[in-house]
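I have placed the structure first, in the form of structure tokens, so that the comments after it can refer back to it.
Nothing in this text is a laboratory measurement; each read-out follows from the coordinates by a stated rule. Treat the numbers as computed from the prediction; the structure is a model and nothing was measured. With ideal geometry, Cβ positions are generated from the backbone for all residues, glycine too; neighbour counts draw on all protein chains shown.
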Amino acid sequence: GMNGRVGVRGLSPADINVDFSQIFNHIDWSPPPVMFAGEARNGRYALFTDFIYVGLEADGSSPGPLPLSAEANMQQVVWTFGGSYRVVDNSTATLDVLAGGRLWNLDTDLTVTGPLSTREASGSKTWVDPVIGVAGNVALGKGFGLHGEADVGGFGVGAVEIAGMSVDV
């Protein structure tokens, strides 16, 4: 879902609220969403990547004495990359520790329409956060298995702003 306040380059922030059940109807299909993941392994060492691109469109309103309507178009890229080391490797389970980074890019176009005028603005923000985590596999037999991953990131060292834009989620 998408829920929060979006403001771009001096325009009043607008409240945007799209429930998870409605998100499919707000996808911008041109260009279409893209997601891929990959891993290259050599023994206990591996390099991995995970890439997501999605564009979203939503309408909202801005509080105040004069009613304002807003239209937000957002394109988001999330790219995770890094390396891992396999600490457990037996016939039924594996466990990898991983470290890397996660690049975030958010481009937003915002149009705010009021009773007297329409204002438009665009902005972009890009930052990279460090990431650490674990990934594992458990064999269930007869060709079936479970795979899980968990990571945490940020640690207050990322979030480098590239251009003037505020996104309060």
Cα-centre dipole for the chain with unit charges at Cβ (Lys and Arg positive, Asp and Glu negative), debye to 20: 460 debye
Phi-based couplings in Hz for the stretch 76-82 (Karplus 6.51, -1.76, 1.60; Gly and Pro marked x): 10, 10, 10, 10, 9, 8, x
Cut-off under 5 Å, modelled amide H: who pairs with ASP28 long-range: GLY55, LEU56, GLU57
GNM top mover of GLY123, GLY114, GLY153 - the chain, alpha-carbon springs below 10 Å: GLY114
D (Stokes-Einstein, µm²/s), Kirkwood Cα radius, the stretch 1-154, 0.890 mPa s at 25 °C: 134 µm²/s
Gaussian network model of the chain, Cα within-10 Å springs - most flexible of LEU47, LEU66, LEU116: LEU116
